[in-house]
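Nothing in this text is a laboratory measurement; each read-out follows from the coordinates by a stated rule. Every value quoted in this text rests on a predicted model; they were computed, and no experiment measured them. Please note: Cβ atoms are built from the backbone with ideal geometry, for glycine as well, and neighbour counts cover all protein chains shown.
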Amino acid sequence: MQPILIEHVQPVIEQFFGEDVYLHLETTNGAYANHNNEKVLTVNAYIRNGKVNFDSGKITGPGPYRVGLKIELGWIYAEGLTHWELDSSGRLLLAGHDAEGKLAVALQISRNPFE
Amino acid sequence: MNEHILVVFPHPDDEAFGVAGTIAQLTNRGVPVTYICLTLGEMGRNMGIPPFTTRESLPEIRKSELDQACKAVGITDLRRFGYRDKTVEFEDRDILAARILEVVEELKPSRIITFYPGYSVHPDHEATAEAVVHALSLLPENSRPELHCVAFARNTEEGIGKPDIVNDVSDVFDRKMDCIKAHKSQTDWLIKAIEQDPAMYEWAKKERFWVYKF
Ligand SMILES: [Zn+2]
């Protein structure tokens with residue numbers, strides 16, 4: 001993965017406009033967040049292979065970055081994104097890694113279902 | 001009964017910190033060890049600085065790390081059950097227990113090692129432990145293998161007391177470290193902690209088990 005540059009990522013987001021695509025959206029502070037610090041709530045959520053269709057959307061922010069994708073009746077949103085990759089399967093992988101290199105948020109778009 | 005150990009954990013690396021030394025001692029003596037690993041640990045969070053992997057390529061890395069870890073401690077029979085990280089508790093417990101029971105009936109292990117239900121923190125650990133306990137509870141008492149459990153919740157000693165077995169693994173510590181290092185994508189911090197913190201090093205030289213009473 002590489003550090004995000006808006007001018008590189010925005011055109012890739014636009015390649016997926018108006019198509020049925022598969023979404024992986026995740027945020028996590030780790031299964032041991034509360035075990036490691038009682039004051040912290042363990043918070044993890046993900047959706048994998050949600051079928052979505054968006055015809056507009058942007059990546060914004062000074063870095064870390066935010067992405068908002070407009071779907072028919074609502075939004076797909078992620079904040080804290082730091083790295084990106086268009087992988088060999090043509091999937092757009094966006095992720096936010098914390099200071100320790102741990103994944104904290106991921107937003108991924110694919111034309112084929114994720115495994 | 002022939003000695004044969006069955007280890008059941010949900011994540012590649014669950015065996016590394018708490019059990020690897022015990023496994024190495026057993027395989028040194030020629031005791032066969034079978035490891036059922038339920039998931040690929042595909043939801044692991046360590047991606048590195050700069051990131052060396054992604055959410056999508058991590059499972060392949062963890063798969064080969066587990067192969068290497070098994071080699072390090074002499075496990076020759078690894079069975080991947082194909083569940084997905086973080087979802088074990090949502091699977092049908094009876095089906096999971098039946099799959100485990102099938103392996104138990106095939107191998108007739110003398111001892112099974114898993115987590116202690118209620119004291120193992122991660123929901124996948126708890127679900128695994130419960131399924132193992134359920135599977136064994138279906139066996140008649142006289143053919144039930146011993147169940148040795150790993151526990152690390154903060155309230156463990158309040159709830160189930162001190163470990164029944166404290167196994168010194170100093171004699172195979174290098175191999176235990178090889179196992180931990182095999183999972184390097186996820187265990188970097190642990191390797192550093194053991195190498196730099198004498199208290200952690202002392203802690204890692206002992207492995208603690210609670211014997212489950214049905
Ligand atoms: Zn685990």
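Below, the figures for the structure above:
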| read-out | value |
| --- | --- |
| Residues of the range B:122-171 classified as away from chain A (no Cβ under 14 Å), among the β-branched types (Val, Ile, Thr) and farther than 21 Å from residue B:21 by Cα, total | 3 |
| Single unsatisfied condition, residue A:99 versus (1) more than 10 Å from chain B (Cβ to nearest Cβ); (2) small (Gly, Ala, Ser); (3) free of Cβ contacts under 8 Å to residues at least 40 places away in the same chain | (1) |
| Criterion violated by residue A:9 - all others in (1) under 13 Å from the mean Cα position of the chain (by Cα); (2) under 22 Å from residue B:41 (Cα atoms); (3) in a helix (DSSP H, G or I) satisfied | (2) |
| Hits in the range B:123-156 (condition: surrounded by fewer than 22 Cβ atoms within 10 Å (Cβ to Cβ), within 16 Å of the ligand (Cβ to nearest atom) and assigned to a loop (DSSP other than H, G, I, E, B)) | B:152, B:153 |
| Pick from the range B:65-101, criterion closer than 23 Å to residue A:30 by Cβ and among the hydroxyl-bearing types (Ser, Thr, Tyr), ranking: surrounded by the fewest Cβ atoms within 10 Å (Cβ to Cβ) | B:87 |
| Test: residue A:69 is of a type outside the set (Asp, Glu) and farther than 30 Å from residue B:82 by Cα | yes |
| Condition check for residue B:4: within 12 Å of the ligand (Cβ to nearest atom) and either in contact with a helix residue (DSSP H, G or I) (Cβ under 9 Å, 6 or more places away or on another chain) or on the phi < 0 side of the Ramachandran plot (or both) | no |
| Residue ranges of strands (runs of 3 or more DSSP E) in the range A:19-82 with at least 3 members among the hydrophobic types (A, V, I, L, M, F, W, C), away from chain B (no Cβ under 14 Å) and away from the ligand (no atom under 16 Å from the Cβ) | A:65-71 |
| Subset of the range B:7-31 [away from the ligand (no atom under 13 Å from the Cβ) and not hydrophobic (A, V, I, L, M, F, W, C)] | B:21, B:22, B:25, B:27, B:28, B:29, B:30 |
| Among (1) under 29 Å from residue B:141 (Cα atoms); (2) in contact (Cβ under 8 Å) with a residue 40 or more places away in the chain, the one test that residue B:105 misses | (2) |
| In the range A:83-96, the residues that are in contact with a Ser or Thr (Cβ under 8 Å, 6 or more places away or on another chain), more than 11 Å from residue A:64 (Cα to Cα) and more than 9 Å from chain B (Cβ to nearest Cβ) | A:90, A:92 |
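Residues are listed down the side, and each one gets a yes or a no for (1) more than 16 Å from the ligand (Cβ to nearest atom); (2) within 14 Å of another protein chain (Cβ to nearest Cβ); (3) in contact (Cβ under 8 Å) with a residue 40 or more places away in the chain; (4) closer than 30 Å to residue A:94 by Cβ:
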{"residue": "B:33", "(1), (2), (3), (4)": "yes, no, yes, no"}
{"residue": "B:56", "(1), (2), (3), (4)": "yes, yes, no, yes"}
{"residue": "B:63", "(1), (2), (3), (4)": "no, yes, yes, yes"}
{"residue": "B:76", "(1), (2), (3), (4)": "yes, no, yes, no"}
{"residue": "B:85", "(1), (2), (3), (4)": "no, yes, yes, yes"}
{"residue": "B:97", "(1), (2), (3), (4)": "yes, no, yes, no"}
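To keep it simple, each residue is scored yes or no on (1) touching a residue at least 40 places away in the same chain (Cβ under 8 Å); (2) polar (S, T, N, Q); (3) buried (at least 21 other Cβ atoms within 10 Å of the Cβ).
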| site | (1), (2), (3) |
| --- | --- |
| A:67 | yes, no, yes |
| A:85 | yes, no, no |
| A:107 | yes, no, yes |
| A:110 | yes, yes, no |
